[in-house]
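For reference, the structure discussed in these notes is given below.
The values are calculated or read from the model by the stated rules, or taken from the named source; none is laboratory data. Just so we're clear, the structure is a prediction, and the values are computed from it rather than from any experiment. Here the Cβ is made from the backbone with ideal geometry for all residues, glycine too, and neighbour counts use every protein chain on show. These area figures cover heavy atoms from the full protein model, side chains too; ligands, DNA and RNA do not enter into them. Shrake-Rupley method; radii C 1.70, N 1.55, O 1.52, S 1.80 Å.
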Amino acid sequence: MKKLISVTALTLAALIVFGVTAFAEPGFAYKPEVLEEFAPKWSAISADETVISLTPGAQIGEIRFAWLSGEKDTEVSFRISANEDMTSYKEITVETSDAISDYKSNKVTVTGLEEGKSYYYSYTENGVWSEPAKFTVQPDDEFTVLYVSDAQIGRSGEETLEEILIRDTCGWHYTVDKMLGKYPDAAFAISGGDQFQSPDSITQMRAYLSPEQLRSLPVANTIGNHDDGATLYGDIFNNPNEVRELFADEAGTGYYYTYGDTLFITVNSNNTFLFDTARVLREAVKAHPDTKWRVVTMHHNPYSASLADGEYSEERVLFSALYDCYDIDLVLSGHDHLYSRTEVMYGGKKAEGEGTVYVQSSSASGSNYDPLPEETASFIVSAFDVRVPTYTAFTFTDDAIIGTTYRTDTDEIIDSFEIADNTSNSSANIFTMVISIFRTLFSMI
Ligand SMILES: [Fe+2]
């Protein structure tokens, strides 16, 4: 049997070869004057108690909101209206619960929204109504989703230093500006995890949510390894259809939602107990058995480009056995802070028929990058480890998922591809899952 090498071991080896600074040194896409212009905004960003998150709902027509408030802020309200002046508003019940550091977590789910229509919302913080913000329910017959990962505010150096937080946040704002400048009508965005460096940092969370565009754009966030160990992720993101897991993080669990003819499933890959992931997949597919496309997001990439041929992070590769069973078309990941795309994969190797494409995003802020191995694995079709943030736009059509990946410094396309509907939407049972796991294990021999 070929030697199985874990990601941890590989990272340690790479640290010895490349030195710590190769990992710690950031690479931002913006010119120095962009940082100069951004820096004065920091004091307002870091002190902004009113920051709110928007999350895709269980299906089109539903949007979910979450924000924190202080212990003494006991009367919290939320209104939605079709009018900018908030006339004819509808008051929505706020669900409030205890949250991190004596804050309260306030969550609202708005349903019955019409496709193609714009709405305004306003909410209270310390009794003061926020300025109304607008969002639009984008049509779902053909729609675009923006994919980013590892903004990881605070990663580029000593995370308590203001200068570090300012430049990471500036890099994140720069990417958000670029992708929404190019795709202003995106239906929503997906973040592949590690939204901020410390799982309990209110300041880093505020920085991540600070781009003005995020008042209007729902983002489906994923639990990364840097989100584990505190409740803040679950306090500030109001995810739909959360699935109970036996070994859930404090941060939360996997969840799912649909948009148009696509089922999106978000897996908590910190939890490597496969039964839990199988449960998330089973519940999602049982609720929506017939969608044309099935897309999974998980923070760790089963087919990480950081690994060469013959090297495996076995517990992560086994996740892919479940994706084989459930006919997942596309898996989105992050964690390695470099962009990559695989062949169509099945059974632990390049598929001969149906299979799944794995796309991994680089750092969305530029706060940190990992290198590629000397020889890229044979299952990697496209890889980009230049120290520049990337994002990928996925357009979902009847015939294909069209992916276009950009580097943010030059707006140049670094990868473009189409994923055909090459899966048959089956549902798995315990026997097919066990067979699939053994098939994948044997592919590593
Ligand atoms: Fe990360």
The chain: radius of gyration over Cα atoms, expressed as a fraction of 2.2 N^0.38 Å | 0.94
Quick one: pull the percent of accessible area on region 373-412 belonging to carbon and sulfur, 1.4 Å probe, ligands and nucleic acids left out.
-> 41
Rounded accessible area per residue of the chain, 1.4 Å, Å² = 40
For region 293-370, run through the GluC sites (Glu not before Pro) and keep only the ones in DSSP coil with at most 14 other Cβ atoms within 10 Å of their Cβ.
-> 352
Per the 1.4 Å probe, what fraction of the accessible area of region 77-136, in percent, lies on carbon and sulfur atoms?
-> 41
What are the chymotrypsin sites (Phe, Trp or Tyr not before Pro) within region 269-359 that DSSP puts in a loop, where the Cβ has at most 15 other Cβ atoms within 10 Å?
-> 273
What dipole magnitude, in Debye to the nearest 20, does region 302-445 give about its Cα centre under +1 on Lys/Arg Cβ and -1 on Asp/Glu Cβ?
-> 300
Give, as a single signed number, the net charge of other residues whose beta carbon lies under 12 Å from the beta carbon of residue 340, with Lys and Arg counted +1 and Asp and Glu -1.
-> -4
Of the residues 269, 243, 213, the Cα lying farthest along the dipole of region 198-332 towards its positive end, which is defined by charges on the beta carbon of Lys, Arg, Asp and Glu, belongs to 213
Residue by residue through region 198-212, which ³J(HN,Hα) values in whole Hz follow from phi under the Karplus form 6.51 cos²θ - 1.76 cosθ + 1.60 (θ = phi - 60°), with glycine and proline marked x?
-> 9, x, 10, 8, 5, 5, 5, 5, 4, 5, 4, 8, 6, x, 3
Report residue 372's accessible area, 1.4 Å probe, all protein chains in place, as a number in Å² to the nearest 10.
-> 30
Given unit charges at Cβ for Lys, Arg (+) and Asp, Glu (-), the dipole magnitude of the chain about its Cα centre in debye, nearest 20, is 660
Before rounding to the nearest 500, sum -39500 (n - 2.57) across all DSSP H runs of length at least 4 in the chain and divide by the residue total; then give [θ] at 222 nm in deg cm²/dmol.
-> -6500 deg cm²/dmol
Pull up the DSSP beta bridges for the chain and report the antiparallel fraction as a percent, rounded to 5.
-> 75
Using the alpha-carbon centroid of each, what span in Å lies between region 218-293 and region 319-372?
-> 17
Where GluC sites (Glu not before Pro) fall in DSSP loop in region 87-126, at most 15 other Cβ within 10 Å | 114, 115
